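Okay, here's the structure, questions in a sec.
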Amino acid sequence: MSELAGKTIVLGVSGGVAAYKAAELVRLLIKAGARVHVVMTENGVRFVTPTTFQALSGNSVWTEAWDDRRANNMSHIELTRAADALLIAPATANILAKLANGLADDLLSTLVLARDCPLLVAPAMNKQMWGNPATQRNVERLRADGVAVIGPAAGEQACGEVGEGRMSEPVEIFEALAAFLQPKPLAGRRVLMTAGPTYEPIDPVRGITNISSGKMGYALARAFVQAGARVQLVSGPVSLPTPYGVERIDVQTAAQMHQAVMQHVGEADVFVGVAAVADYRPVDVAADKIKKAGELPAIRLERNPDILADVASLPAAPFCVGFAAESRDLDSYARGKLEAKRLQLVVGNLVQDGMGGDTNQVVLYDAWGSHPLPRASKREVAVGIVGHLVQLLATGG
Ligand code: CTP
């Protein structure tokens, strides 16, 4: 189930080209089980018709301050009364200026003033308008007022220019909103993680690697962000998008992963090793591709460092979490890893049904015993793991 299921979102659409992307955002919100009420400014209506938003949201769209659909003519107060959040996407330079100054000259700006729910804005404008000191001043003032600002992104703009000001993609805005609405038990905590496989080259085109999609680690990074943590993710090669709010450091080999982890671990309160690290690497890496003609190559291997064990044995080690993917005897192997590496938590799973899927069934092992979690999507399992970790941290680990 999505974090936004059952939430009521009021979406404000102001007049920018990116209004067409707001249609996709409504679709994502509805798919996630949220209720969506769309409010459009006069200029917003020039870009996309209210009919589009009505069809996608399943609710009639609000465009006028004077609307007698509410008997008391108080739609500006009533619309946000039941809302969990008011999100304006796209938010033009003009609406940001109005909101920063508390103006209320149409339904959307009046709703903002009259709301008692959080406000998020996703700015969308030409790079010059975004860079203008007046806009920057307005955005700073909104931030100081507690408004969450999503984006903007940099890249190609509708006007043909390239720069900062483009509205964040709908999926990014969706993720930011989902994260925003979650409780923040890990606010102020720093989490360092590894995920994905490592790749140990043999020659320029071949290497040794492990099977790992990175999905579990990435889902966990997302859940940590949603719980309020600052997350650094040292990732082996995977084909996954970086979760919203995560600082990602890409590496290839176990040695590089080890180095990146050691560089950042000093700041971490929690370390989670999810990566499937190759235990061995070739001693020599051939500079040129090894040809099949000729002698059979002999590949001599040497051991890679154990990143998790090295972190756990640091003098001021963070709270350490390991993963144990086993094909049998999960209980004894997972407990063995908990003790041998001196970890606070091990997430164990049996790899009976292959790897790379979207669901997982895990058992959590800590000093108090074992705690099975039900089979669920990797996102839900990640939320379960973070919930357990929050409890352990609260009890002193
Ligand atoms: N790990 C690590 N560095 C390594 C190897 C593993 O950080 N060089 C971490 C993994 O990210 C995971 C845990 O250690 O959190 C896995 O424990 P480990 O006992 O090393 O698992 P395997 O390498 O699978 O060991 P074995 O083959 O003995 O089961």
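The values are calculated or read from the model by the stated rules, or taken from the named source; none is laboratory data. Computed from a prediction, not measured in an experiment: that's the story for all the values here. Cβ: placed from backbone, ideal geometry, glycine included. Neighbour counts: every protein chain shown.
Could you run through the range 108-123 and say how many residues are surrounded by fewer than 22 Cβ atoms within 10 Å (Cβ to Cβ), hydrophobic (A, V, I, L, M, F, W, C) and assigned to a helix (DSSP H, G or I)?
2
Here's a follow-up. Residue pairs, Cβ under 6 Å, 6 or more apart or interchain, first in the range 144-164 and on the phi > 0 side of the Ramachandran plot, second of a type in the set (S, T, N, Q). List them.
Filtered contacts from the range 144-164: 151/168.
Six or more apart or on different chains, Cβ atoms under 6 Å: show the pairs whose first residue is in the range 81-98 and more than 20 Å from residue 176 (Cα to Cα) and whose second is part of a helix (DSSP H, G or I) and modelled with pLDDT of 95 or more.
93/129; 93/135; 97/138; 98/109
Could you pull out the residue among 334, 312, 316 that is farther than 30 Å from residue 174 by Cα and touching a Leu at 6+ places or on another chain (Cβ under 7 Å)?
Numbers: 334 fails: touching a Leu at 6+ places or on another chain (Cβ under 7 Å); 316 fails: touching a Leu at 6+ places or on another chain (Cβ under 7 Å).
Answer to the check: 312.
Can you name the number of the only condition in (1) more than 30 Å from the chain's Cα centre (by Cα); (2) closer than 13 Å to residue 111 by Cβ; (3) of a type outside the set (Gly, Ala, Ser) that residue 13 fails?
Going through the list (1) more than 30 Å from the chain's Cα centre (by Cα); (2) closer than 13 Å to residue 111 by Cβ; (3) of a type outside the set (Gly, Ala, Ser), residue 13 breaks only (1).
Another question, if that's okay. Which members of the range 352-397 meet the condition of being in contact with an Asp or Glu (Cβ under 7 Å, 6 or more places away or on another chain) and of a type in the set (Lys, Arg)?
378
Next question. Yes or no: residue 301 closer than 26 Å to residue 262 by Cβ, in contact with a Pro (Cβ under 8 Å, 6 or more places away or on another chain), among the aliphatic types (A, V, I, L, M) and within 14 Å of the ligand (Cβ to nearest atom)? Please lay out each step first, then the result.
Details: closer than 26 Å to residue 262 by Cβ: yes; in contact with a Pro (Cβ under 8 Å, 6 or more places away or on another chain): yes; among the aliphatic types (A, V, I, L, M): yes; within 14 Å of the ligand (Cβ to nearest atom): yes.
Yes; evaluated as a whole, the condition is true for this residue.
Looking at (1) touching a Gly at 6+ places or on another chain (Cβ under 6 Å); (2) surrounded by fewer than 23 Cβ atoms within 10 Å (Cβ to Cβ); (3) closer than 20 Å to residue 362 by Cα, can you tell me which one residue 196 breaks?
Among (1) touching a Gly at 6+ places or on another chain (Cβ under 6 Å); (2) surrounded by fewer than 23 Cβ atoms within 10 Å (Cβ to Cβ); (3) closer than 20 Å to residue 362 by Cα, residue 196 violates only (2).
Still on this model: Considering only residues that are under 20 Å from residue 15 (Cβ atoms) and at pLDDT below 95, look in the range 140-155 and name the one that is surrounded by the fewest Cβ atoms within 10 Å (Cβ to Cβ).
First, pick out the residues of the range 140-155 that are under 20 Å from residue 15 (Cβ atoms): 142, 147, 149-153.
Then drop every residue that is not at pLDDT below 95, which leaves 151, 153.
Details: 151: 22, 153: 15.
Going through the qualifying residues, I end up with 153.
Residues being more than 16 Å from the ligand (Cβ to nearest atom) and surrounded by 13 or more Cβ atoms within 10 Å (Cβ to Cβ): count how many of those fall in the range 278-296. Give the derivation first.
Going through the range 278-296, the residues more than 16 Å from the ligand (Cβ to nearest atom) turn out to be 283-296.
Remaining after also requiring surrounded by 13 or more Cβ atoms within 10 Å (Cβ to Cβ): 285-286, 290.
Matching residues across the range 278-296 total 3.
For residue 345, work out the one condition from (1) closer than 19 Å to residue 210 by Cβ; (2) modelled with pLDDT of 95 or more; (3) of a type in the set (A, V, I, L, M, F, W, C) it doesn't fulfil.
(1)
Being more than 21 Å from residue 230 (Cβ to Cβ) and not in a strand (DSSP E or B) is the filter here, so list the residues in the range 362-383 that pass it. Steps first, please.
We begin by selecting, within the range 362-383, every residue more than 21 Å from residue 230 (Cβ to Cβ); these are 362-378, 380-381.
If the condition is that a residue be more than 21 Å from residue 230 (Cβ to Cβ) and not in a strand (DSSP E or B), then 362, 367, 368, 373, 374, 375, 378, 380, 381 are the ones that fit.
Can you tell me how many residues in the range 278-301 are at pLDDT below 95, touching a strand residue (DSSP E or B) at 6+ places or on another chain (Cβ under 6 Å) and charged (D, E, K, R)?
1
Another question, then. Which ones in the range 29-47 are surrounded by fewer than 20 Cβ atoms within 10 Å (Cβ to Cβ) and of a type outside the set (Asp, Glu)?
Scanning the range 29-47 gives 30, 31, 32, 33, 35, 43, 45, 46, 47.
Kindly indicate which of 35, 81 is at pLDDT below 95 and in the same structural domain as residue 148 (by TED's automatic domain parsing). Step through it out loud before you land on a result.
Values: 35 fails: at pLDDT below 95.
Step by step, each of 35, 81 is checked, and only 81 is at pLDDT below 95 and in the same structural domain as residue 148 (by TED's automatic domain parsing).
How many residues are more than 9 Å from the ligand (Cβ to nearest atom) and of a type in the set (Asp, Glu) when one looks only at the range 308-317?
So the count comes out to 0.
Within the range 249-277, track down each residue that is away from the ligand (no atom under 11 Å from the Cβ), farther than 16 Å from residue 199 by Cα and of a type outside the set (D, E, K, R).
Selection gives 262, 263, 264, 265, 266, 268, 270.
State all residues of the range 309-351 that are over 29 Å from the mean Cα position of the chain (by Cα), within 22 Å of residue 393 (Cα to Cα) and polar (S, T, N, Q); if no residue qualifies, say none.
313
Looking at the range 318-355, which of its residues are more than 13 Å from the ligand (Cβ to nearest atom) and either in contact (Cβ under 8 Å) with a residue 40 or more places away in the chain or assigned to a strand (DSSP E or B) (or both)?
318, 319
Just the residues that are in a loop (DSSP other than H, G, I, E, B) and in contact with a helix residue (DSSP H, G or I) (Cβ under 8 Å, 6 or more places away or on another chain), please, taken from the range 243-268. So that I can check it myself, show each step before the final result.
Step one: list which residues in the range 243-268 are in a loop (DSSP other than H, G, I, E, B), which gives 243-246, 251-253, 268.
Passing the criteria: 243, 244, 245, 246, 251.
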